[in-house]
Amino acid sequence: MIYDLIIIGSGPAGLSAAIYAMRAKMNTLVIEQSGVSGGQVLTTYEVDNYPALPGISGYELGMKMREHADKLGAVFMDAGVTNIINDGKTKTVVTTNGTYETRAIMIATGAAHAKLNVPGEETLAGMGVSYCATCDGAFFRDKTTVVVGGGDVAVEDAIFLARFCKKVYLVHRRDSLRAAKILQERLDEQERIEVIWNSVVTEIQGEEQVEAVQLKDVITGEETKLETQGIFIAVGIHPNSAVFMPLLKTDKAGYIDADETGITNIPGIFAAGDVRTKQLRQIVTAVADGANAITSVQNYFLTNKNEKNI
């Protein structure tokens, strides 16, 4: 059996693509590694910026997207993808659960935030531990927050949070920031932000919500406790693209080189969501990516005379 389309990944981009593919009458298979659809949105306690659904939990939003795809008859399979092979008009997807042929592939494997790997980080995820200030910052109005990191994203997050948080601490392991000079100048202008130099977070504390972080001075070894209601971890993000890099063109960070059409350097292989090069990585942009990429798949079929009744 040869599928019309195999979608690798079942986050918002993959689920959106599945919905649009089923409406286009494509014979589609969705491969998800975790066994649960939704991607990173599942770890978000509350989503406040998805249109028409303010305050919905990340888990509920992910499940609603999956239910929509199920209602249209999308087929899901749990497996890890170990390789994709370009055979021209057909492609082969090699997984831990068998090998599958398809006319087109859509990669929607997302990206993963680098973690601190300290006690409390996993258990308090979504309960004060966040990796996205623009997603979750509004929930911390008039509260104290901590941002961890020293690059552009960390400084931008701290400046963003200072708009409505009463106090923002920026914790960095070195004595100077890696962020662009213009961002550092803007940071210096913020009265609500205090930088804690040469320090790392060794533990995140709290019962049902973040209550404090334990800090360690990397020079003196001294440890201190800092009370806070939220911690935003901005120490890097890595696209889940390693298995595809031998075949597909990527940027220096490993993001698959594709614009909003989802078209990659290999005809018949598309990329959508956080795994591709893009300006903004949010649920709404991932969903849009899935829809755009399906249009590109349709055009690819027509151009290559693999017409479907769409």
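Here, each number is a calculation from the coordinates, and none is a lab measurement. Keep in mind that this is a model prediction, so the values were computed, not measured. No Cβ is skipped: glycine too gets one built from the backbone with ideal geometry, and neighbour counts run over all protein chains shown.
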Span-like helix ranges in the chain, DSSP H, alpha carbon extent 24 angstrom or more, Kyte mean at least 0.5: 283-303
Proximal lysines to Lys71, defined as alpha-carbon separation beneath 28 angstrom and excluding residues fewer than eight positions away on the same chain: Lys25, Lys91, Lys308
In order through the range 99-113: 3J(HN,Hα) via Karplus (6.51 cos²θ - 1.76 cosθ + 1.60), integer Hz, x for Gly, Pro: 10, 9, 9, 7, 7, 8, 10, 10, 9, 9, 7, x, 9, 10, 6
Per-q log10 I(q)/I(0), the chain, q = 0.07, 0.13 Å⁻¹ (Debye; single scatterer per alpha-carbon; no solvent): -0.31, -0.92
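What length, rounded to one decimal in nm, is gained on full extension from Lys64 through to Leu247, with 0.36 nm per residue of separation minus their alpha-carbon distance?
Details: separation 183, 0.36 × 183 = 65.88 nm, distance 3.36 nm.
Taking 0.36 nm per residue and subtracting the Cα distance, the gain is 62.5 nm.
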Neighbourhood net charge (11 Å Cβ-Cβ; Lys/Arg +1, Asp/Glu -1) for Asp289: 0
Cα centroid separation - the range 49-122 against the range 247-296, whole Å: 14
Glu121 long-range amide H proximity, modeled H, under 5 Å: Ile204
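Cβ under 13 Å from Gly58's Cβ, Gly58 left aside: what net charge do those residues give with Lys, Arg +1 and Asp, Glu -1?
Overall, the nearby charge balance is -2.
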Reachable lysines from Lys278, criterion Cα separation under 25 angstrom, eight or more residues apart if same chain: Lys115, Lys181, Lys249, Lys252
In nm, spacing of pseudo-spin labels at Glu260 and Val218 (7 Å Cα→C-beta vector): 3.9
Least to most buried among Met22, Met1, Met127 (fewest other Cβ within 10 Å first): Met1, Met127, Met22
Estimated FRET transfer efficiency (Arg163, Val94; beta-carbon r; R0 51 Å; 0.05): 0.60
Val75 versus Ile182: modelled label distance in nm, points set 7 Å from Cα along the beta carbon direction: 5.1
Trypsin sites (Lys or Arg not before Pro) restricted to the range 239-290 and DSSP loop, no more than 15 other C-beta within 10 Å: Lys249, Lys252
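Report the net charge of residues surrounding Asp78, where surrounding means a beta-carbon distance below 14 angstrom and charges are Lys +1, Arg +1, Asp -1, Glu -1. Working shown, then result.
On the way: positive: Arg66; negative: Glu32.
Net of charged neighbours comes to 0.
Give the calculated FRET efficiency between Gln33 and Asp142 to the nearest 0.05, with a Förster radius of 30 Å applied to their Cβ-Cβ distance. Walk me through the numbers on the way to the answer.
Details: r = 40 Å, r/R0 = 1.32.
FRET efficiency, Gln33 to Asp142: 0.15.
With N set to the residue count of the range 115-233, report its C-alpha Rg divided by 2.2 N^0.38 Å to two decimal places. If you can, show how the numbers build up before the last one.
Working: Rg = 13.1 Å, N = 119, 2.2 N^0.38 = 13.5 Å.
Taking the Cα Rg and dividing by 2.2 N^0.38 Å, one obtains 0.97.
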Packing-based order for 227-236, 103-112, 209-218, 117-126, using average beta carbon neighbours within 10 Å, highest first: 103-112, 227-236, 209-218, 117-126
Spacing of the two label points (7 Å from each Cα toward its C-beta) at Ser57 and Asp152, in nm: 3.6
Protection-proxy order for peptides 83-91, 7-15, each taking the mean of Cβ atoms within 10 Å per residue, highest first: 7-15, 83-91
Phi-based couplings in Hz for the range 231-241 (Karplus 6.51, -1.76, 1.60; Gly and Pro marked x): 10, 10, 9, 10, 10, x, 9, 10, x, 7, 10
Residues Ser130, Ser176, Ser199, Ser57, sorted so that the one with the fewest Cβ neighbours within 10 Å comes first: Ser176, Ser57, Ser199, Ser130
